[in-house]
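Visitor: Got a structure for you, questions after.
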Amino acid sequence: KVGPNEEIIEKYIEEARRDMEMGAMRFDEPIMVAKLENGEYMIVNGHHRWAAAIKVGLTEVRVVVVNPGMEDIASYV
């Protein structure tokens, strides 16, 4: 089965809610994104954290921008 794992997303939802109650940073590990030539960003690691953030209504999460070469980006598309 290809696609997001709902159990993993639920784990991150619980973590996000706990962090929100404590006023802590959202998620221990940042979401990694690559900046594309058109100026948009593509998630390369952290899809489950992103889905959890959306489900709990987070407006900010930690993100790290990585700049892989174009040959690396093609493997993620």
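Visitor: Using a 10 Å cut-off on Cβ atoms, rank the peptides 47-56, 34-43 from the highest mean neighbour count down.
Guide: The most tightly packed comes first, giving 47-56, 34-43.
Visitor: Using Cα-Cα distances under 8 Å and only pairs 6 or more residues apart, what relative contact order does the range 1-55 have, in percent?
Guide: 39
Visitor: Pop a pseudo-label 7 angstrom from the Cα along the beta-carbon direction at both TYR41 and GLU60 and give the gap in nm to one decimal.
Guide: 1.3
Read-outs: derived from the displayed coordinates by stated rules, not from any lab. Bear in mind that the values here come from a model prediction, so they are computed numbers and not experimental data. So basically every Cβ, Gly included, is an ideal-geometry build from the backbone, and we count neighbours across all protein chains shown.
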